[in-house]
Amino acid sequence: MEELSIEKRVTLLAIAKREEGESLDDVLGMLVDTGMYDKKEAKKVFEELREANYIVGENLSMTGVIEADKAEKEFKQ
């Protein structure tokens with residue numbers, strides 16, 4: 001499995017840490033507001049994560065959760 005880009009790892013972590021009631025669109029908007037990427041790039045990242053089965057429906061898959069946990073540990077170092 002290839003290494004995920006920083007944008008994808010941050011996106012997975014943001015999804016994992018979202019508040020109850022927040023949708024994926026809310027997370028996308030928040031990440032765009034931070035300036036990490038523009039809306040077009042954000043949609044592309046989300047779509048790539050869906051195609052790779054890190055996001056299924058409105059939630060992370062088990063693989064997505066594992067990658068989000070790894071990202072959180074990495075960023076805490």
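Somewhere in the range 67-75, is a residue part of a helix (DSSP H, G or I), hydrophobic (A, V, I, L, M, F, W, C) and surrounded by 15 or more Cβ atoms within 10 Å (Cβ to Cβ)?
yes
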Quiz item: Is it the case that Glu47 is modelled with pLDDT of 95 or more, surrounded by fewer than 13 Cβ atoms within 10 Å (Cβ to Cβ), charged (D, E, K, R) and assigned to a helix (DSSP H, G or I)?
Solution: yes
Quiz item: For the range 6-13, does any single residue satisfy the condition of being at positive phi and at pLDDT below 95?
Solution: no
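Find the residue count for the range 50-66, including only residues that are of a type outside the set (Val, Ile, Thr), part of a helix (DSSP H, G or I) and open to solvent by 50 Å² or more (accessible area, probe 1.4 Å).
3
The values are calculated or read from the model by the stated rules, or taken from the named source; none is laboratory data. All values reported here derive from a predicted model rather than from experimental measurement. Methodologically, a virtual Cβ is constructed for each residue, glycine included, from the backbone with ideal geometry; neighbour enumeration extends over all protein chains shown. These area figures cover heavy atoms from the full protein model, side chains too; ligands, DNA and RNA do not enter into them. Shrake-Rupley method; radii C 1.70, N 1.55, O 1.52, S 1.80 Å.
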